[in-house]
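The values are calculated or read from the model by the stated rules, or taken from the named source; none is laboratory data. These numbers were taken from a predicted model, which means no experiment stands behind them. Here the Cβ positions follow ideal geometry from the backbone for every residue, glycine too, while neighbour counts run over all protein chains shown. To get the accessible areas, we keep the full protein, side chains included, count just its heavy atoms, and leave off ligands, DNA and RNA. Shrake-Rupley method; radii C 1.70, N 1.55, O 1.52, S 1.80 Å.
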Amino acid sequence: MAHMTWSFVPEHVHTPEATALRRDYYDDVASRYWKRPATVAEVDDGLANDGVELLTPPTGQFLVGRYEGKAAACGGVLLLDAERAELTRVFLRHAFRGAGGAGALLGRLEDAARELGARRMVLNTRLDLVEARALYTRHGYGEIPAYCEGPYMDIWYGKDLQAPQA
């Protein structure tokens, strides 16, 4: 499947499609963590007060990816300081995996971070999210010391953002 069928656009986190993608993301990572399906109430609780309102300029950006017009992916960047942006909520619906969207989404999120003034991207994830870890290392992210802590963080990655190619 060609990359031409993917499109990525900034979208407010509370649009119906962005909200549905964020729910699917949280359901996916929580269900894997708990080794059982997350309940609707657990997903609601996980999304409550999760800071997504910062994923809009000037503090961040949220992108929705569509494959042949269907909402299929999402991701955000959050400025941590003048130099660093954090990659967050990177998710592809399972039906769309293997279609080249993950790498394309990552590239667009790096562009968004550069547009916000960041020179470095950092992220944290869990050891059990092996597909995400493989994606990050495949795209030049290296393991770094922890820059934050929390119950769902096992490993941290970073990457210097080069100037975009003209």
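What to note about this one:
- Protein-only accessible surface order, largest first, of T59, T88 at 1.4 Å: T59, T88
- Given +1 at the Cβ of Lys and Arg, -1 at the Cβ of Asp and Glu and no other charges, the dipole of the range 50-149 around its Cα centre is 380 debye to the nearest 20.
- When both bridge partners sit in the range 1-145, DSSP labels roughly 85% of those beta bridges antiparallel.
- Expressed in Å, the radius of gyration and Dmax of the Cα atoms of the range 76-143 are 12.0, 37.
- Nearest-10 value in Å² for the accessible area of E143, using the 1.4 Å probe: 140 Å²
- Scanning the chain for trypsin sites (Lys or Arg not before Pro) that sit in a DSSP loop and have at most 14 other Cβ atoms within 10 Å, the longest stretch containing none of them is 36-96.
- With the helix formula -39500 (n - 2.57) applied to DSSP H stretches of n ≥ 4, the chain reaches a computed 222 nm mean residue ellipticity of -9500 deg cm²/dmol.
- Cα gyration tensor shape for the chain, rounded if a/c is under 1.5, else prolate or oblate: rounded
- Karplus-derived HN-Hα couplings along the range 138-144 (A = 6.51, B = -1.76, C = 1.60, θ = phi - 60°), whole Hz, x at Gly and Pro: 4, 9, x, 7, x, 5, 10
- Computed from backbone phi with θ = phi - 60° and the Karplus coefficients 6.51, -1.76 and 1.60, the 3J(HN,Hα) list for the range 61-69 is 7, 10, 10, 10, x, 10, 10, 6, x Hz; x is used for glycine and proline.
- When all protein chains stay in place and ligands, DNA and RNA are ignored, the 1.4 Å accessible-area order of I155, I144, largest first, is I144, I155.
- Exposure ranking of L109, L80 by accessible area [1.4 Å probe, largest first]: L80, L109
- For the range 22-103, a simple Cβ point-charge model (Lys and Arg +1, Asp and Glu -1, everything else neutral) yields a dipole of about 440 debye relative to the Cα centre.
- Kirkwood Rh and Cα Rg combined as Rg/Rh, the range 1-85: 1.01
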